[in-house]
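Chemist: Sharing a structure with you now.
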Amino acid sequence: VGAVAAAPAAAVAAVRVARARINGVSVGASRRSVRLKVVCPTTAPDTGCVVRPSVKLRGTAAKLARSVTVARGTTRTLSASIPASVAKKVRRSGGRLVVRVATTGATAGAVTRTIAVPAG
């Protein structure tokens, strides 16, 4: 009389979100700009990949958009500007650039790439 139907377990399956990856990173000749290419795999949902990039050069963060949507199966180039004081230090003695891309809703962690930036 008062029976309640239980939801089937198969209908409550966990959705796996594909993780975006970094396809390339380059630093401008003046050391004031950084460009990175982010790829969203074809296995991603129809909405694409919502990524949150972060760039650090010699421990100082660069200015980037908070989050960006990359369409499924495509590559998107993002750019960041480096503060003048940091660029000046890098031109003198070089440094390390750490790029990190976190995909919102992904089951795996963020993707990180580190490159050496020569002096000059």
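Read the figures in this text as sums done on the coordinates, not as results from a lab. Since the structure is predicted, the reported quantities are computational estimates derived from the model, not experimental observations. Counting neighbours? That spans all protein chains shown, and the Cβs are built from the backbone with ideal geometry, glycine included.
Chemist: So, in region 26-38, of the ones that are buried (at least 18 other Cβ atoms within 10 Å of the Cβ) and either free of Cβ contacts under 8 Å to residues at least 12 places away in the same chain or not in a loop (DSSP other than H, G, I, E, B) (or both), which residue ends up farthest from the chain's Cα centre (by Cα)?
Modeler: VAL27
Chemist: Tell me which residues, restricted to region 42-73, are under 17 Å from THR104 (Cα atoms), within 15 Å of the chain's Cα centre (by Cα) and surrounded by fewer than 15 Cβ atoms within 10 Å (Cβ to Cβ).
Modeler: ALA65, ARG66, SER67, THR69, ALA71
Chemist: List the strands (runs of 3 or more DSSP E) that sit entirely inside region 47-120 and contain at least 2 residues that are in contact (Cβ under 8 Å) with a residue 60 or more places away in the chain.
Modeler: 95-103, 111-117
Chemist: Which members of region 88-106 meet the condition of being within 18 Å of VAL39 (Cβ to Cβ) and not basic (Lys, Arg)?
Modeler: VAL99, VAL101, ALA102, THR103, THR104, GLY105, ALA106
Chemist: Which one of THR60, THR114, THR107, THR69 is hydroxyl-bearing (Ser, Thr, Tyr) and under 11 Å from ALA20 (Cα atoms)?
Modeler: Sole residue among the options that is hydroxyl-bearing (Ser, Thr, Tyr) and under 11 Å from ALA20 (Cα atoms): THR69.
Chemist: Okay, moving on. Have a look at ARG76, ARG96 and point out the one that is surrounded by 13 or more Cβ atoms within 10 Å (Cβ to Cβ) and in contact with a Gly (Cβ under 9 Å, 6 or more places away or on another chain).
Modeler: Only one candidate passes the filter, namely ARG96.
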